[in-house]
Amino acid sequence: MFARQNSCFKCHAIDKRKDGPPYREVAEKYRGRDDAQAALLHHLTSGHKVKFPDGHEESHKILKAPPEDIDNLIGWILSL
Ligand code: HEC
């Protein structure tokens, strides 16, 4: 699967917390927000700093993929 090829599952799972939040929690957080798609697009393409559970900060992985694939992935996360 697309997210797997991009090693997203190294730090994220659907239901349980790893280094990053579970995708279901992300979907909850953005539920009902008009800016959800745009916010996640920014998150996945800007490489902005994110905080890890141990407190250190690191640039988030930048997703390099065609725009329609990124849109699909975001749609999938938000649908969880
Ligand atoms: C090296 C570990 C790591 C990898 C690889 C990684 N992430 Fe993350 N991700 C994180 C961490 C840590 C956070 C938490 C950021 C925070 O809460 O500040 C995060 C946050 C997120 C969020 C929530 C953003 C928000 O606005 O709440 C989404 C969505 C996400 N990642 C998707 C992905 C996708 C898709 C991939 C694959 C392209 C990916 N991540 C790869 C560590 C990772």
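Things to note:
- Placing one equal scatterer on every Cα of the chain and applying the Debye formula, the log10 ratio I(q)/I(0) at q = 0.23, 0.26 Å⁻¹ is -1.29, -1.61.
- For residue 50, the amide hydrogen comes within under 5 Å of the amide hydrogens of 58, 59, 60, counting only partners 5 or more places away or on other chains and with H modelled in the peptide plane.
- Whole-Hz Karplus values for region 13-18 come out as 10, 6, 10, 10, 6, 10 Hz, taken residue by residue from phi with 6.51 cos²θ - 1.76 cosθ + 1.60 and θ = phi - 60°; glycine and proline positions read x.
- Along the axis of the charge dipole computed for the chain (Cβ charges of +1 for Lys and Arg, -1 for Asp and Glu, origin at the Cα centre), the listed residues 27, 79, 7 are led at the positive end by 7.
- Computed from phi, the 3J(HN,Hα) profile of region 29-39 under the Karplus parametrisation 6.51, -1.76, 1.60 (θ = phi - 60°) reads 4, 9, 3, x, 9, 5, 8, 4, 4, 5, 5 Hz, with x in place of Gly and Pro.
None of the figures in this text is laboratory data; all of them are computed from the coordinates on show. Since this is a predicted model, take the numbers as computed values, not measurements. So basically every Cβ, Gly included, is an ideal-geometry build from the backbone, and we count neighbours across all protein chains shown.
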